[in-house]
Amino acid sequence: METLEIQTSTRSELVDITDGLREAVERSGVEDGVCVVFVPHTTAAVTVNEAHDPDVARDIVAALDRLAPPGPGYRHREGNADAHIKAVLVGSSVRVPVADGRLLLGRWQGVFFCEFDGPRRRKIEIRVIEN
Amino acid sequence: METLEIQTSTRSELVDITDGLREAVERSGVEDGVCVVFVPHTTAAVTVNEAHDPDVARDIVAALDRLAPPGPGYRHREGNADAHIKAVLVGSSVRVPVADGRLLLGRWQGVFFCEFDGPRRRKIEIRVIEN
Amino acid sequence: METLEIQTSTRSELVDITDGLREAVERSGVEDGVCVVFVPHTTAAVTVNEAHDPDVARDIVAALDRLAPPGPGYRHREGNADAHIKAVLVGSSVRVPVADGRLLLGRWQGVFFCEFDGPRRRKIEIRVIEN
């Protein structure tokens, strides 16, 4: 078990955490298994997608804003209902296979922490399970 | 392996199943690992989100109704195509880390069974995997 | 670890891969555990939903096209930003419990590879983790 801590810098953004995961997998010593990444927050999420062109992350943030617009029109009174909805749509965890002691990501893939109610200090829980 | 059974009470609702999961983790005797929750239904889902203010769950249900409106306009003839689409958007399983024999949920997090075509009798499959 | 390879035939479609998973679970010899399915692509996804009526899969594809319409209006210049967004909404992995050496799917459930930027040759990574 490892905990990664990050500071997000704006209300809604995707933060590439792939390097932190690679290091956690290395430290775990697991050769063959699955890396589970879990976000212990209700207005943030985690996803796997393209890490090459940063415009993809911006398109994802913009699309989620269209699907769950920030603002009034919700029952929850804290002004972040849209962030809770986005967190449900994206999900609170991902798994990436581990082979030969390394994350088995596709060529274009990275793992992204998804902030929907920042800027905040956030935690990411990482577990590397041996097969 | 454990199976939780619940009875939902309306067409679309989020049911907090965190207590049932806590008990399953305790019974499993696993100290360190991951709790996998799987829904064996195609018009229901499971998610992790805020368990404190019940309005968050209501906002989530309402948002999903906007993204996949109930009613006609689908090819599937059983009148529940929207429920299948919501199930895909939310997902059929979640994982929560287990540490020191307990579910490692964030302060505001709970685990919710998501009913989209109720009321029905539903099953939830729980597996606690040792690290 | 096993890798399944498939050829998709159109831009956006759901391909039932349940049989391939059943065979991988059988070959693994695992009696009790979890089958993890991971898609190493950024414009494709994997989901669990109804395998009986093919209209359900068509409704899901059409609904995702409404939520993230193909076409211009995105920053990413490759013409497939909608596919990246759909991949985030659906997710890059699923887990299905394994009991008595078999996938524990619900009566109506199948596992679907979701192509959003085909036709392409695609890979699916399968891991069967013992409990």
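Laboratory data are not the source of any read-out in this text; all were calculated from the coordinates shown. Quick caveat: nothing in here was measured; it's all calculated off a predicted structure. Because the Cβ atoms are built from the backbone with ideal geometry, glycine has one as well, and the counts that use them run over all protein chains shown.
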Here are some pairs, A:Lys123/C:Lys123; A:Lys86/C:Lys86; A:Lys86/A:Lys123; A:Lys86/B:Lys86; B:Lys86/C:Lys86; C:Lys86/C:Lys123; which of them have Cα atoms lying more than 23 Å apart in this structure? A:Lys123/C:Lys123
Does the protein assembly as shown come out rounded, prolate or oblate by the C-alpha gyration tensor, with a ≥ b ≥ c the root eigenvalues, rounded set by a/c under 1.5 and, if not, prolate when a/b is larger than b/c and oblate if not? rounded
Can you tell me the length gained on complete extension of the stretch C:Asp19 to C:Arg66, counting 0.36 nm per residue apart and subtracting the Cα distance? 13.9 nm
Report, largest value first, the span of the C-alpha coordinates of segment B:7-71 along each principal axis, in whole Å. 45, 27, 21
Considering all projection directions equally, how large on average is the shadow of the alpha-carbon convex hull of segment C:2-130, in square nanometres? 7.5
What dipole magnitude, in Debye to the nearest 20, does segment A:42-85 give about its Cα centre under +1 on Lys/Arg Cβ and -1 on Asp/Glu Cβ? 320
Taking 7 Å along the Cα-to-C-beta vector as the label spot, tell me the B:Thr10-B:Lys123 distance in nanometres, rounded to one decimal. 2.8
Averaging sequence separations of C-alpha pairs under 8 Å and six or more residues apart, then dividing by the length of chain C, give the relative contact order as a whole percent. 53
Could you give, in nm with one decimal, how far C:Asp65 is from each other copy of that position, shortest first, with labels 7 Å out from Cα toward Cβ? 2.7, 2.7
Nothing charged except the Cβ atoms of Lys and Arg (+1) and of Asp and Glu (-1): what's the magnitude of the dipole of the protein assembly as shown about its Cα centre? Round to the nearest 20 debye. 860
